[in-house]
């Protein structure tokens, strides 16, 4: 004879006696044993159902106590609910879960599984990003050399001591919207075209200044010529009433073989001002200078000369009142000295056009050199 004890939560609920087959011969039938087991199972089921109902009601009471307040669970509590909830399944969770939704519990379980197999903390560093300085250099090379492909850029970088893969160069150019060499090589930017010819191009322009004289305001015309490559500017002349003979003399001065600003031969762009007389233009051509007349109403095509005119007016002439022609000439002369020797130019990498030959002192008192009564200033260190 054997004995089996049914237990729940560590407590004994019932004890079933197993009778050997020989007992059946003594008058105890098998159906009687089955009936006894079914009766006991039903009683256990009713007991478990009652326990579950009590726990549900207790849960409702606790939730009523927390009503209006957000229930915050710790990671350990979420982990425990996730493990137990996964065993029940979505359908059972829909009937019993009350603190959070079934989808939340199942999501916690998925995160728990994912965290188990997460190897990011053991993962080593990946390929380092390309240094920003190298990226800028690659973009600069592609911009300044439209016909250079990925391999050519890679070779140029290797010459400088940078080993960068061809695919990396391709990716960097694509990320910055730079087309491949075959596409870039078909188009020459105006900036590149002009730079290639700057050494042979100059520009000229007139601007006017109102000066105060004994007879009232007098308008003076100033003719300037600028070398596009070096940004050097020549004041070709200042006059009250420009006329043909004066313009012809200006042309001869500009093309003088010894001291002429255009003596080396230039293409000179100019607008359609009638002051550029036929005699003036023919004198330039005779000296090997080619005048190029711009289309009407196109100041942007003569941008460098226009920009100089704006600079001299905003920085100097608009901040004083010229008292006659002599005063105007002195002011313009002082500005030209400041423009070439003391003014930094953004178009020249913030350098001076004609830097002083003297050694720049790194120590010593800081001094100010002023022109036009302090309208123009230049700061330098006094040599020890």
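The values are calculated or read from the model by the stated rules, or taken from the named source; none is laboratory data. Treat the numbers as computed from the prediction; the structure is a model and nothing was measured. Here Cβ is always computed from backbone atoms with ideal geometry, including for glycine, and neighbour counts include all displayed protein chains.
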Could you pull out the residue among 314, 370 that is without any contact (Cβ under 8 Å) to a residue 12 or more places away in the chain and part of a strand (DSSP E or B)?
370
Looking at the structure I just gave you, is residue 307 assigned to a helix (DSSP H, G or I), under 47 Å from the mean Cα position of the chain (by Cα), at pLDDT 90 or above and surrounded by fewer than 18 Cβ atoms within 10 Å (Cβ to Cβ)?
yes
Please work out if residue 256 is surrounded by fewer than 18 Cβ atoms within 10 Å (Cβ to Cβ) and over 38 Å from the mean Cα position of the chain (by Cα).
yes
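Here's a check for you: in the stretch 317-335, which residue that is in a loop (DSSP other than H, G, I, E, B) and touching a residue at least 60 places away in the same chain (Cβ under 8 Å) is surrounded by the most Cβ atoms within 10 Å (Cβ to Cβ)?
In this case the residue turns out to be 322.
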Name the one entry in 227, 205 that is farther than 14 Å from residue 312 by Cα, in the same structural domain as residue 335 (by TED's automatic domain parsing) and touching a residue at least 24 places away in the same chain (Cβ under 8 Å).
227
Across the stretch 106-124, what is the number of residues that are part of a helix (DSSP H, G or I) and either at pLDDT below 75 or within 21 Å of residue 53 (Cβ to Cβ) (or both)?
4
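Examine the stretch 336-349 for a residue that is over 37 Å from the mean Cα position of the chain (by Cα) and surrounded by 10 or more Cβ atoms within 10 Å (Cβ to Cβ), and state whether such a residue exists.
Looking for residues that are over 37 Å from the mean Cα position of the chain (by Cα) and surrounded by 10 or more Cβ atoms within 10 Å (Cβ to Cβ), one finds at least one in the stretch 336-349, hence yes.
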